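Trainee: Pasting in a structure now, in structure tokens, and then I'll have a few things to ask.
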2 protein chains.
Amino acid sequence: MASTSSLTLSQALLARAVSHHATDQRRDSHLSLVSLPAFSGLKSTTSASSRATTTTNRRRRVSSSHVRAAAVETLDVTTETSLVEKSVNTIRFLAIDAVEKANSGHPGLPMGCAPMGHILYDEVMRYNPKNPYWFNRDRFVLSAGHGCMLQYALLHLAGYDSVKEEDLKSFRQWGSRTPGHPENFETPGVEVTTGPLGQGIANAVGLALAEKHLAARFNKPDSEIVDHYTYAILGDGCQMEGISNEACSLAAHWGLGKLIAFYDDNHISIDGDTEIAFTEDVDRRFEGLGWHVIWVKNGNTGYDEIRAAIKEAKAVKDKPTLIKVTTTIGYGSPNKSNSYSVHGSALGAKEVDATRQNLGWPYEPFHVPEDVKQHWSRHIPAGAAFEAEWNTKFAEYEKKYSEEAAEFKSIMAGELPTGWEKALPTYTPDSPADATRNLSQQNLNALAKVLPGLLGGSADLASSNMTLLKMFGDFQKDTPEERNVRFGVREHGMGAICNGIALHSPGLIPYCATFFVFTDYMRAAIRISALSEAGVIYVMTHDSIGLGEDGPTHQPIEHLASFRAMPNILMLRPADGNETAGAYKVAVLNRKRPSILALSRQKLPQLPGTSIEGVEKGGYIISDNSSGNKPDVILMGTGSELEIAAKAAEELRKEGKAVRVVSFVSWELFDEQSDAYKESVLPAAVTARVSIEAGSTFGWQKLVGSKGKAIGIDRFGASAPAGKIYKEFGITAEAVIAAAKEVS
Amino acid sequence: MASTSSLTLSQALLARAVSHHATDQRRDSHLSLVSLPAFSGLKSTTSASSRATTTTNRRRRVSSSHVRAAAVETLDVTTETSLVEKSVNTIRFLAIDAVEKANSGHPGLPMGCAPMGHILYDEVMRYNPKNPYWFNRDRFVLSAGHGCMLQYALLHLAGYDSVKEEDLKSFRQWGSRTPGHPENFETPGVEVTTGPLGQGIANAVGLALAEKHLAARFNKPDSEIVDHYTYAILGDGCQMEGISNEACSLAAHWGLGKLIAFYDDNHISIDGDTEIAFTEDVDRRFEGLGWHVIWVKNGNTGYDEIRAAIKEAKAVKDKPTLIKVTTTIGYGSPNKSNSYSVHGSALGAKEVDATRQNLGWPYEPFHVPEDVKQHWSRHIPAGAAFEAEWNTKFAEYEKKYSEEAAEFKSIMAGELPTGWEKALPTYTPDSPADATRNLSQQNLNALAKVLPGLLGGSADLASSNMTLLKMFGDFQKDTPEERNVRFGVREHGMGAICNGIALHSPGLIPYCATFFVFTDYMRAAIRISALSEAGVIYVMTHDSIGLGEDGPTHQPIEHLASFRAMPNILMLRPADGNETAGAYKVAVLNRKRPSILALSRQKLPQLPGTSIEGVEKGGYIISDNSSGNKPDVILMGTGSELEIAAKAAEELRKEGKAVRVVSFVSWELFDEQSDAYKESVLPAAVTARVSIEAGSTFGWQKLVGSKGKAIGIDRFGASAPAGKIYKEFGITAEAVIAAAKEVS
């Protein structure tokens, strides 16, 4: 069981370090003295900017030791504009050069968004480059993930070890830490995995939710240990995707005031001008959703406009803010800017030269001018100071509030409380028959008592999915300390928000729920869970034709197969109480691999032979009257059909057959067992095998073999009472018996 | 090949009948004389309505022969309000009684939406109950599909043969025509399949797009043969789903003025009051999207308000209209109305009695009072008159515009032009190597010349998916006659809109495109294509790690397997030019089964042995040096890896092996071949089999058997140049050769 992997461990170690080295208390008092000067004090005369670097205006250069904390904390920006523009152009050219070297990538967004990127990472955000996992860091999400060179350039300038010059030079190459889209599992400093559009802004909603929740649970009037912002940049593409509307509707509903999203309004998408497909009034839509909306008309050189917008956004505490920043895609490229051609291809040597000329950039590729390097260098000590200050604060917190601190540390480090698994309910064959969705609720409620990071909810099906944690109220705008999250009918947003929660802190264990068939609505988010190693628990009820009358639109058929084919995800279909508990044990332990639990609407008996330990092996024998590992026939099933296999076995045994019944609750876990174990369950010599599952037979040939038989459903379902459909579709003990006789 | 199935045939026959029986010309002149009286002329004194049926106010009863056409056409409603209320209560009780008998279903919506439902079907919509497929009918979509008893009750009252009293009594039972959610393939009169929320409103956008497109192409100043409205009812659930925002953004962008959507604003969803998860300002959002928005404050008894809103909506010709109708869910139920408990469960005998009492309904279950029956009976002759009038109009059109009429009829009837398949391009091994996405473009452009119903586009990836039809311009608000549809980055909406287009007219052949991995965004819509027998063509490029640098977020792995497991859909992965042409031939012929074409970004050679005929069989031999159907080893591949299999075969043959190479371009088509054919391709005796595919190996055991070997990718991809990833992942001829030696 990969319950504690390297990353989780390193996070845990870093997190633990926090409370041991909290000695520097200076920052705290220092910060409180910082004033917020008016922006009129800033000078930014440079406008149309192809002459950016020629500006000669020289304001007093603040010493870097002075700037270090204040500028970052407060937008008290006294850096001269010429240096800002030089830094912005550095970002642009790092992106241009990396894309050019790879001859692949998206230079347009970094060139257009460099100003807001610079202001965020250089003036606004609080982070520690040498510990990308410092708990209280501001989170940044590049929802328009194709523009990842923007983020890599910023991480590089800020001093993150994950993006050195050689990493920029190996952009999009095999084994590099700078893949074609931002991947949190490759590049420390990247919070979430983006690229599929709209996912990132929804992740950001999850990150902001996590902050609001943890702040409400753990902050004290005298110590705000949880206090960070979540920033995102999204483009026209993200705006068009439905998932962003879903997540943004929730962000406003929840009053996530510390979520600040920059909308890169550049009027260009891959197919050309957004006029051809995207003419809605985005501001008005966001106002309708309940956001505070600000428009920065000059995102190319309007540094003060951007700064003022961020200040205003921070002042609005009860609403998330959308800062629409009108930019020019590919800014600086004389022949390709403001066109789709700069979106997703290298500029080409000629246009790179022209852009260097145009922006007055005399340097070699990948060069960071010394003054820019010097300017950014303050972020390493500043980041260390932020973390040290926070460590001090937390040490004091821990002294005063030891119980809360312990709980908080377990969330921060991702360490499960010792003995947590003892809370899982157990069942005997005499326990009452019940739907696994109800058994799931028993597990969730048992776990809620012992797992401080467990929180989640349903897409408007709480009373059908049975996901309410009875000991808690609803997470809402004014009750963010609670743990029942009401997602509304927004499956896709729900999944992506849970990814954000999971990746906020290793000890947060988000779960979310809908009908199993509606995983189709959220599949892109589930895939990102799997790819980005976010251990979300997907509670998917009504998992077959067993839901009955709602009919084929609501009856999953191909869904089990479709997730068994997906990498790095556990597809679990428990058969009864013990298996449901086992599924939860596995799901909770797998913090870097999401789990999907397929659960029944209908009642199922508690079967003899099922066990938590069995589930952990993925496939295991629940009953057997054979000897010498040579049954006459092996019957296999999952979930609600395991009962049918067991019944068929009983009948066959009455006729003198040696029959083994195997539960295949998780194919992935079975695959991971030793060959010896697999042979002990499925001896190669026994080719008489029959499987039964109320879903597609696709894939079962792997387990039943060429001579076996798979009973399942290779058509869409039907609207009728469940028992009737089972019978009409031949998902019966009689069918299993007949097949067993046929193959053995 | 199920190219012409029963439904398509019946539609074709009905459509053909149109032009032969167009004799009744009275309606045309009659209609033009109808005036539009002010609504103040109407009397609707009954308000809070528990006393509805006791109202004694008796206005002049217009003879049904007079009412017949005028009321339906023009909202010239002179039906007395008491009869309207009686009809509305009939609808309510048919829903209540059917749900009660089934002890399953959703009574709340029909009870709340009965007034708007009555007005639509009794006063507004033009349809012919005896020919549900009459071309020029108004389309109605119940996007909140769980409320299907509303639609069944309306179809029943209107005189559709598909919903007789016995059908209402077998609601949600095995084999009935009244399944738990509306299914177009079960119930003539139901246009599309709804239930999964948000799909229906997006389908409605597709239906309205089709109307606007066909009207622009075929209408003449003197003859508007295409002229109908599309109505939809959507609820809070539909509003929360991202897909509805995507589709509604496009509806406004395209100026679909004849789309009128009723938003059943009842403030209740399954989890309770919408306050818990849905507090956005929907009106403002829709205004932002560019819709005309009207609010009917009293949807329960405000008949005139509803009528006035529809009139206003029709007057706004350049924008779709959202009519927000505030209703009470479960209206009339004294103890359960306005609560979630009435949403999705039978009321229970006691509450049914109380509701009968409350609404003054003395009748037995399923009873339609005689005066209500009499009132609705006019729709059968009125519908016949509508169709006859239209037939006359079309006959005249045909005389004047024979060429257009012929094209129009082929779209209306779904008949493919004779010899259309000759337009498909052919290739030889000497034809230049090319990416199948480019070969796909050649096919699309060849087909555009011969298929009048072909139209479609991409989700902002036209230049990557290669889907532009060069002979046409963009379908836009002011150029709706064109055929390149620009969907923006809205995959889910795109799929559902295409379902609407496909189900508008049997001869419309919509295609849509994105990267294959982003089928995850639109999977719910694709599943509805398959379920509802909508022959959409999904053009899915960048179909493997072969896309290279964009990395794992963009590289499909499990997608082929996931669609192979889905019922009633063709998953095609062509290897070269001939196979791409074959895939298009299959896709075009399968009008009741969607097709997905997985296409490469990278260049592929034209392979000897591939053919259109081969593709039609799903799996076929492209080369073989064995005799007696006894090769030493069978190598199999699909798409871009078929080339690798062919290369490996060449090497192995050099070593003296008898090697067969099989292309498995479509598993579904191969499954449908005779046992003899299958044995001729994959002889049971030959167990030495190796497959290669740049995707999950899940499912391949079915073809390679227990002793064979499947080469594939059971992990996520990577960001690097494509060739490098292929090599690192072992998707190589060397690997095939090694495996072949291992198994043979």
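The values are calculated or read from the model by the stated rules, or taken from the named source; none is laboratory data. None of the values given here were measured: they were computed from a predicted structure. A quick note on method: Cβ atoms are made from the backbone with ideal geometry, for glycine too, and the neighbour counts reach across all protein chains shown.
Trainee: Within the range A:242-287, can you find the residues that are within 19 Å of residue B:253 (Cα to Cα) and of a type in the set (D, E, K, R)?
Mentor: Correct list: A:265, A:271, A:273, A:275, A:280, A:281, A:283, A:284, A:285.
Trainee: Is one or more of the residues making up the range B:212-227 buried (at least 24 other Cβ atoms within 10 Å of the Cβ), touching a helix residue (DSSP H, G or I) at 6+ places or on another chain (Cβ under 7 Å) and of a type in the set (S, T, N, Q)?
Mentor: Scanning the range B:212-227 turns up no residue that is buried (at least 24 other Cβ atoms within 10 Å of the Cβ), touching a helix residue (DSSP H, G or I) at 6+ places or on another chain (Cβ under 7 Å) and of a type in the set (S, T, N, Q).
Trainee: Another question, then. Can you name every residue in the range A:184-223 that is of a type in the set (Val, Ile, Thr) and in contact with a strand residue (DSSP E or B) (Cβ under 9 Å, 6 or more places away or on another chain)?
Mentor: So the first thing to find is which residues in the range A:184-223 are of a type in the set (Val, Ile, Thr), and the list is A:187, A:190, A:192-194, A:201, A:205.
Correct list: A:190, A:192, A:194, A:201, A:205.
Trainee: From the list A:98, A:144, which residue is within 14 Å of another protein chain (Cβ to nearest Cβ), touching a strand residue (DSSP E or B) at 6+ places or on another chain (Cβ under 8 Å) and among the small types (Gly, Ala, Ser)?
Mentor: Just a single option satisfies the conditions, and that option is A:144.
Trainee: Now for a different question. If residue B:256 satisfies all but one of (1) farther than 14 Å from residue B:323 by Cβ; (2) facing another protein chain (nearest Cβ under 7 Å), what's the number of the condition it fails?
Mentor: Every condition holds for residue B:256 apart from (2).
Trainee: State whether the residues of the range A:299-314 include one that is within 14 Å of chain B (Cβ to nearest Cβ), surrounded by fewer than 23 Cβ atoms within 10 Å (Cβ to Cβ) and of a type outside the set (S, T, N, Q).
Mentor: no
Trainee: Looking only at residues in the range A:499-522 that are of a type in the set (A, V, I, L, M) and under 12 Å from the mean Cα position of the chain (by Cα), which one is nearest to the other protein chains (Cβ to nearest Cβ)?
Mentor: Filtering the range A:499-522 for residues that are of a type in the set (A, V, I, L, M) and under 12 Å from the mean Cα position of the chain (by Cα), the one nearest to the other protein chains (Cβ to nearest Cβ) comes out as A:503.
Trainee: Select, from A:425, A:381, A:429, the only residue that is touching a helix residue (DSSP H, G or I) at 6+ places or on another chain (Cβ under 7 Å), surrounded by fewer than 20 Cβ atoms within 10 Å (Cβ to Cβ), in contact (Cβ under 8 Å) with a residue 40 or more places away in the chain and under 30 Å from residue A:646 (Cα atoms). Step through it out loud before you land on a result.
Mentor: Numbers: A:381 fails: under 30 Å from residue A:646 (Cα atoms); A:429 fails: touching a helix residue (DSSP H, G or I) at 6+ places or on another chain (Cβ under 7 Å).
Matching residue, one of A:425, A:381, A:429: A:425.
Trainee: Out of (1) within 14 Å of another protein chain (Cβ to nearest Cβ); (2) of a type outside the set (S, T, N, Q); (3) within 23 Å of residue A:329 (Cβ to Cβ), the odd one out for residue A:231 is which?
Mentor: Unmet for residue A:231, out of (1) within 14 Å of another protein chain (Cβ to nearest Cβ); (2) of a type outside the set (S, T, N, Q); (3) within 23 Å of residue A:329 (Cβ to Cβ): (1).
Trainee: Could I ask something else about it? Output the number of residues of the range B:168-179 satisfying the condition of being part of a loop (DSSP other than H, G, I, E, B), of a type in the set (A, V, I, L, M, F, W, C) and more than 8 Å from chain A (Cβ to nearest Cβ). Break it down into steps so the answer makes sense when it comes.
Mentor: Narrowing the range B:168-179 to residues part of a loop (DSSP other than H, G, I, E, B): B:170-179.
Filter once more, keeping what is of a type in the set (A, V, I, L, M, F, W, C): B:171, B:174.
From the residues that got through so far, the ones that are more than 8 Å from chain A (Cβ to nearest Cβ) too are B:171.
Residues that pass the stated criteria total 1.
Trainee: Among the residues of the range A:481-488, is any surrounded by 19 or more Cβ atoms within 10 Å (Cβ to Cβ), aromatic (Phe, Trp, Tyr) and within 25 Å of residue A:569 (Cβ to Cβ)?
Mentor: Yes, because at least one residue in the range A:481-488 is surrounded by 19 or more Cβ atoms within 10 Å (Cβ to Cβ), aromatic (Phe, Trp, Tyr) and within 25 Å of residue A:569 (Cβ to Cβ).
Trainee: Filter the strands (runs of 3 or more DSSP E) completely within the range A:559-634 down to those with at least 1 residues that are more than 20 Å from residue A:513 (Cβ to Cβ).
Mentor: Passing ranges, in order: A:620-624.
Trainee: Now, a different point. Out of curiosity, is residue B:345 in a loop (DSSP other than H, G, I, E, B) and within 13 Å of residue B:112 (Cβ to Cβ)?
Mentor: no
Trainee: Got at least one residue in the range B:549-560 being within 14 Å of chain A (Cβ to nearest Cβ), over 23 Å from residue A:237 (Cβ atoms), of a type outside the set (S, T, N, Q) and in contact with a strand residue (DSSP E or B) (Cβ under 7 Å, 6 or more places away or on another chain)?
Mentor: yes
Trainee: From the list A:183, A:165, which one is surrounded by 24 or more Cβ atoms within 10 Å (Cβ to Cβ), in contact (Cβ under 8 Å) with a residue 40 or more places away in the chain and either at the interface with chain B (Cβ under 8 Å from one of its Cβ atoms) or of a type outside the set (A, V, I, L, M) (or both)?
Mentor: Values: A:165 fails: surrounded by 24 or more Cβ atoms within 10 Å (Cβ to Cβ).
Every option except A:183 fails the conditions.
Trainee: Can you tell me which residue in the range B:528-548 is nearest to the other protein chains (Cβ to nearest Cβ), limited to those that are out of contact with any Phe, Trp or Tyr (no Cβ under 9 Å at 6 or more places or on another chain) and either aliphatic (A, V, I, L, M) or free of Cβ contacts under 8 Å to residues at least 40 places away in the same chain (or both)?
Mentor: B:528
Trainee: Listed residues B:311, B:336; which is modelled with pLDDT of 95 or more and either part of a helix (DSSP H, G or I) or in contact with a strand residue (DSSP E or B) (Cβ under 6 Å, 6 or more places away or on another chain) (or both)? Show your work before the answer.
Mentor: Numbers: B:336 fails: either part of a helix (DSSP H, G or I) or in contact with a strand residue (DSSP E or B) (Cβ under 6 Å, 6 or more places away or on another chain) (or both).
None of the other options fit; the residue is B:311.
Trainee: Say we look at the range B:503-519 and pick out the residues that are under 19 Å from residue B:593 (Cα atoms) and free of Cβ contacts under 8 Å to residues at least 60 places away in the same chain; which of these is surrounded by the most Cβ atoms within 10 Å (Cβ to Cβ)?
Mentor: From the range B:503-519, those under 19 Å from residue B:593 (Cα atoms) are B:503-513, B:516, B:519; that's our starting set.
Remaining after also requiring free of Cβ contacts under 8 Å to residues at least 60 places away in the same chain: B:512-513.
On the way: B:512: 28, B:513: 30.
If we take residues in the range B:503-519 being under 19 Å from residue B:593 (Cα atoms) and free of Cβ contacts under 8 Å to residues at least 60 places away in the same chain, then B:513 is surrounded by the most Cβ atoms within 10 Å (Cβ to Cβ).
Trainee: A follow-up question, please. Name, by its number, the condition in (1) assigned to a helix (DSSP H, G or I); (2) surrounded by fewer than 24 Cβ atoms within 10 Å (Cβ to Cβ); (3) within 24 Å of the chain's Cα centre (by Cα) that does not hold for residue A:525.
Mentor: Answer for residue A:525: the failing condition is (2).
Trainee: Working only within the range A:685-716, note down all residues that are of a type in the set (Gly, Ala, Ser) and farther than 22 Å from residue A:741 by Cβ.
Mentor: The answer is A:695, A:696, A:699.
Trainee: Here's something else I'd like to know. Is it the case that residue B:439 is over 24 Å from residue B:505 (Cα atoms) and buried (at least 17 other Cβ atoms within 10 Å of the Cβ)?
Mentor: It is true that residue B:439 is over 24 Å from residue B:505 (Cα atoms) and buried (at least 17 other Cβ atoms within 10 Å of the Cβ).
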